[in-house]
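J.: I have a structure I would like to understand better, so I am pasting it below and will then ask my questions one at a time.
The values are calculated or read from the model by the stated rules, or taken from the named source; none is laboratory data. None of these values were measured; they are calculated from a predicted model. Here the Cβ positions follow ideal geometry from the backbone for every residue, glycine too, while neighbour counts run over all protein chains shown. Calculation scope for accessible area: heavy atoms of the full protein, side chains included, ligands and nucleic acids excluded. Shrake-Rupley method; radii C 1.70, N 1.55, O 1.52, S 1.80 Å.
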Amino acid sequence: MEFNGRHIVSLRDLSKEDLLKILSIAKNLEEKPQPDLLSGFLMATLFFEPSTRTRLSFEAAMSRLGGRVIGFADANSTSQKKGESLADTIRMAEQYADVIVMRHPHDGAARLATEVSGIPIINGGDGSNQHPTQTCLDLYTINKLFPNLIDDSDQLTVAFAGDLRYGRTVHSLFEALLHFNVKILTIAPKGLELPESFTQKATAKGITVTVVETLQEAAEQSDILYMTRLQEERFPDPVEFDHVKSSYRLNARMLKNAKESLRILHPLPRVNEIATDVDETEHAHYFPQAGNGIPVRQALLALVLGKIS
Ligand code: CP
């Protein structure tokens, strides 16, 4: 399907072919930067929720392709504070920019934006729903580490750990991995397990999803350990949160029997679920992972703005 003018809202909108195209263009842009590719284009970043990586890497990606950026990082400084609706905010940004990247605390906000926008909407995270551009950079990272992912020649074991119920990065990546030859492990505190609908989708595609009991077990059995933050802001019971947070802390000692090739990813920010002694191990790969956001977001911008097809 043509990318020019397209919205990027959910993994469900992206076929395996689409994902492979994004990865291939990102690789080309990383190897051969094109500093003028988006000259004359303007991107609006509308962030109704905090962000460090998504907003800054989109802005860096656009700037490094010669484009320009407008936007806000705090909705309290906008006319939303005076009661302006999301739909009207999108209608305004559409007057000023060529593409909108938005983050919003409510599930479905990006989809709503597409209904009123004549320019591409890129979802930078909506509630606990989806974070498709994070997934593209996660896949790009996994493919750099394990190139056999793409040709399906080896089966990769991916363990998801942390808040699997509310974690939008988990939901998006899980759906993307269903296109590939993977085995999935999960480990989550009680009440934050992966919703059953995800397991059902995997099973329907012949992919096994196995629950493991400890982080150590997950680390020892996987090629990729995808850690996520326990999201205190979305946790059902604050008392329970205090109880589980200390039991979800990966440290270097737990990795002593892991495969040498194990790589630990995390969409970041981390809070205390990965001890800093893990950073010193060969397994830690979350900072290079975040760096991959630049070529991947460059690829997405160039595609939806019709400068690469
Ligand atoms: N991974 C991610 O979405 O990070 P930010 O919340 O800092 O954008």
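J.: Using beta carbons and a limit of 9 Å, which pairs, at least six apart or on different chains, have the first residue in the range 15-44 and farther than 15 Å from residue 135 by Cβ and the second one modelled with pLDDT under 95 and open to solvent by 60 Å² or more (accessible area, probe 1.4 Å)?
T.: 17/1
J.: A further question follows. Would you tally the residues in the range 117-134 being more than 16 Å from the chain's Cα centre (by Cα) and open to solvent by 40 Å² or more (accessible area, probe 1.4 Å)?
T.: Summing the residues that are more than 16 Å from the chain's Cα centre (by Cα) and open to solvent by 40 Å² or more (accessible area, probe 1.4 Å) in the range 117-134 gives 1.
J.: Another question, then. In the range 166-176, is there at least one residue being out of contact with any Phe, Trp or Tyr (no Cβ under 6 Å at 6 or more places or on another chain) and part of a loop (DSSP other than H, G, I, E, B)?
T.: yes
J.: Just checking, how many residues over the range 135-165 are on the phi > 0 side of the Ramachandran plot and crowded, with 22+ Cβ neighbours inside 10 Å?
T.: Result for the range 135-165: 1.
J.: Another question, then. For the range 252-271, give me each residue that is open to solvent by less than 30 Å² (accessible area, probe 1.4 Å), away from the ligand (no atom under 16 Å from the Cβ) and part of a loop (DSSP other than H, G, I, E, B).
T.: 258, 262
J.: Can you name the residue in the range 118-152 that is of a type outside the set (D, E, K, R) and without any contact (Cβ under 8 Å) to a residue 12 or more places away in the chain and is also nearest to the ligand (Cβ to nearest atom) among such residues?
T.: Within the range 118-152, the match that is nearest to the ligand (Cβ to nearest atom) is 147.
J.: Identify all residues within the range 36-52 that are in contact with a helix residue (DSSP H, G or I) (Cβ under 7 Å, 6 or more places away or on another chain), within 16 Å of the ligand (Cβ to nearest atom) and either open to solvent by 70 Å² or more (accessible area, probe 1.4 Å) or assigned to a strand (DSSP E or B) (or both); write none if there are none.
T.: 43, 45, 46, 47 - these are the residues of the range 36-52 that are in contact with a helix residue (DSSP H, G or I) (Cβ under 7 Å, 6 or more places away or on another chain), within 16 Å of the ligand (Cβ to nearest atom) and either open to solvent by 70 Å² or more (accessible area, probe 1.4 Å) or assigned to a strand (DSSP E or B) (or both).
J.: Could you count how many residues in the range 178-206 are of a type outside the set (Gly, Ala, Ser) and in contact with a strand residue (DSSP E or B) (Cβ under 6 Å, 6 or more places away or on another chain)?
T.: 8
J.: If you don't mind, another one. Across the range 141-163, which residue is nearest to the chain's Cα centre (by Cα) among those that are closer than 26 Å to residue 249 by Cα and not aliphatic (A, V, I, L, M)?
T.: 141
J.: When the residues of the range 166-212 are narrowed to those that are on the phi < 0 side of the Ramachandran plot, at pLDDT below 95 and more than 15 Å from the chain's Cα centre (by Cα), which ends up most open to solvent (accessible area, probe 1.4 Å)?
T.: Looking at the filtered set, the residue picked out is 190.
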